[in-house]
Amino acid sequence: FVLASPTYLDALNPEQRRAVVHGTGEAAPGPLLVIAGAGSGKTNTLAHRVAHLIVNGADPRRILLMTFSRRAASEMSRRVERIAAQVLGTSAGAVTDALAWAGTFHGIGARLLREHATQIGLDTAFTIHDREDSADLMNLVRHELGFSEAKSRFPTKGTCLSIYSRVVNAQDDLDAVLKTTFPWCAMWSKELRALFSGYVAAKQSQNVLDYDDLLLYWAGMMAESAMAAEVAARFDHVLVDEYQDTNKLQSSILLALKPQGHGLTVVGDDAQSIYSFRAATVRNILDFPSAFSPAADIVTLDRNYRSTQPILGAANAVIEQASERFTKNLWTERQSDAKPLLVTVRDEADQARYVVHKVLEARESGMALKSQAVLFRTSSHSGPLEIELTRQNIPFVKFGGLKFLDAAHIKDLLSILRWSENPRDRVAGFRVLQLLPGVGPGTAGKVLDAMATGPDPIWALGEIPTPPRAGEGWAGMVELMRRLAKEEAGWPAELGYARLWYEPLLEQAFDDAMVRVQDIVQLEQIAGGYPSRERFLTELTLDPPDATSDQSGVPLLDEDYLILSTIHSAKGQEWKSVHVLNVVDGCIPSDLGTGSTHELEEERRLLYVAMTRARDDLNLIVPQRFFVTQQAKHGDRHLYAQRTRFIPRAMTDLFEDILWPPVTPAHIEGLSPAPVRMDISAQMRGMWK
Ligand code: ATP
Ligand code: MG
């Protein structure tokens, strides 16, 4: 029984409704593109479409829904359930629980590869390297090839990984990538080619995949027609949010899943494309309609439901200056007298005080902390603010920055688990072996070589005589590895065993071992939420929990907290009140981003994304002195900053320009002494060492 016009459709405007009901009743609706500006209801429309498909009989197990983060995917599932419940009543929960294929491209890729591993020549026990592990492996290979010592100006491991990743994701040629994106490394083309080939061989012999492999192997699978047909046949509908930030590899996967575009829906906004540094290309969304014959249906939305008129007007003005633009300006019915604030402060310390002052003021007037957010370009920019928030006891959660899992002791424990899951994983093995005092890289390397010779590395480990300086911990480690490899203790008890072995070492290695032990308790709690070690490792590697106000990194998810986020990680979200830090030249646009028009335009879109997160209040903060942490070799320095070039004088009418704290004679005196130099961001980073 299906309602002719279910009430959930009434809440939508006609364009949104057209997108939601597109092809209803057809077995294979044609391709659909929703391209529209910020806050126009794209994500909301997508959620309605999924619910509408389910209500009309689509099998939720056969719907593939890809979003920008796992958080976005679970938020979407909740919305779908709420909408479907209007028709299905309480049974909607059960139906949407079956919406099992909702996640990120990488997460979905990992699952499909695990299921099809044996068919594509992968060992099902493969482990996944995060970026840091990948850079470490790149480094190991670099050393083996002798590129690091002999040639002192050879690119760093991080740069090598970026180049490699770019080549893979853009599906481009190495020399072309070097020429356009890394010209200063072009002289190393031959060596890099050898390095990357060694890196690929190392991954394969160790049975590990990096992030890029999750897409690359998936695309590889789709290039083989029988496999492609098998995977494609699993999904009737494929829907993608934030399509403007996908790269070539991702679009090739989609096209292979739905060659005629039947059942394919993508939504996005070209004015919000901010991931070209990860090889995302706005061409994907612009070329989508013509990729099919007949061409995809296009729905555009131009009413913004999120922001007040003054906020939207200012955001429109910023993006209007762009040299290239596709979506139209938005309009809203939300009137307000409150213009966005352009707040000039002396320095970053005042900036932090201003934000705390405003946040507390808003909370006193009844606005929950969770309805407020502070956005910034780079994770380290929130350092002074984090200190101020901690001092004032304001809880916060930080998205997109350093993660809980980046803390050394957490990585140690995860490496133990990963190494037992896949004893051929050298990066994990290196890390675990060197936890033993007296075992250095030389010894660790020899042990790993010895383990690699036989068919059973863990057995081989037991046969190796205790290395001279390995001490008492050695026997315990061998025993632990045996036990974990056999998987007899079960999950999450295995983590408990790892902890028993690791804690004494932790106490020797860190002065603040007590705090770190609490993190481990927290990790055990998180672990309890996963059905198996493999799922735990995979999901934590792909989408780790975020760091929080608690110094130990314990996620305080049930209380009220302020959101701190990089602009990149704030994509798709909205808050009543938004503060944007360091709206100055040198930050937005960054020094690095002013090289070409292309880069500059991406910086403009970044500011646009930040501004369009706000519903009611928007504060853009302009510190007159701004502390830039450059790459180590340049050293840190202060800049006397100008407000961003994206808000020129002519635009000032759209903002309320204020000085904070209000000018007093004392304030003017306070401006004269030389700035105190204090590397707060380094301190903050130190917290995680
Ligand atoms: P972004 O570009 O930032 O991802 P978006 O286009 O995906 O934004 P949504 O997040 O879906 O926009 O919606 C923005 C806000 O507008 C949400 O609060 C949503 O609930 C609201 N909204 C969307 N459509 C409607 C509608 N037809 N009526 C009322 N509110 C709506
Ligand atoms: Mg959205």
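The values are calculated or read from the model by the stated rules, or taken from the named source; none is laboratory data. Computed from a predicted model, the values in this text were never measured in an experiment. Positions of Cβ are backbone-derived with ideal geometry, glycine not excepted, and every protein chain shown enters the neighbour counts.
General remarks:
- Counting only strands (runs of 3 or more DSSP E) that fall entirely inside region 249-361 and contain at least 3 residues that are under 25 Å from HIS381 (Cα atoms), touching a strand residue (DSSP E or B) at 6+ places or on another chain (Cβ under 9 Å) and in contact (Cβ under 8 Å) with a residue 40 or more places away in the chain, the qualifying elements are 341-345.
- Scanning region 487-536 for residues that are within 27 Å of the chain's Cα centre (by Cα), exposed (fewer than 14 other Cβ atoms within 10 Å of the Cβ) and hydrophobic (A, V, I, L, M, F, W, C) yields one hit, VAL521.
- Filtering region 52-71 to residues that are at pLDDT below 95 and within 16 Å of ligand 2 (Cβ to nearest atom) leaves THR67, PHE68, SER69, ARG70, ARG71.
Here is a yes/no grid of residues against (1) assigned to a helix (DSSP H, G or I); (2) within 16 Å of ligand 1 (Cβ to nearest atom); (3) of a type in the set (A, V, I, L, M); (4) modelled with pLDDT of 95 or more:
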{"residue": "THR159", "(1), (2), (3), (4)": "yes, no, no, no"}
{"residue": "MET187", "(1), (2), (3), (4)": "yes, no, yes, no"}
{"residue": "SER197", "(1), (2), (3), (4)": "yes, no, no, yes"}
{"residue": "VAL200", "(1), (2), (3), (4)": "yes, no, yes, yes"}
{"residue": "GLY220", "(1), (2), (3), (4)": "yes, no, no, no"}
{"residue": "ALA228", "(1), (2), (3), (4)": "yes, no, yes, no"}
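- Restricting attention to region 13-31, the residues being within 15 Å of ligand 1 (Cβ to nearest atom) and buried (at least 18 other Cβ atoms within 10 Å of the Cβ) number 6.
- Selection within region 238-282: residues that are among the small types (Gly, Ala, Ser) and within 13 Å of ligand 1 (Cβ to nearest atom). The member of this set that is nearest to SER590 (Cα to Cα) is SER273.
- Residue, farthest from ASP173 (Cα to Cα), within region 197-212, restricted to residues that are of a type outside the set (S, T, N, Q) and free of Cβ contacts under 8 Å to residues at least 12 places away in the same chain: ALA201
- Residue tally, condition surrounded by 19 or more Cβ atoms within 10 Å (Cβ to Cβ) and touching a Lys or Arg at 6+ places or on another chain (Cβ under 8 Å), over region 105-128: 3
- Wholly within region 47-140, helices (runs of 4 or more DSSP H) carrying at least 1 residues that are out of contact with any helix residue (DSSP H, G or I) (no Cβ under 9 Å at 6 or more places or on another chain) and touching a residue at least 60 places away in the same chain (Cβ under 8 Å): 70-88
- Qualifying positions in region 20-34 - of a type in the set (A, V, I, L, M, F, W, C) and at pLDDT 95 or above: VAL20, VAL21, LEU32, LEU33, VAL34
- Test: ARG17 is away from ligand 2 (no atom under 16 Å from the Cβ), at pLDDT 95 or above and in a helix (DSSP H, G or I): yes
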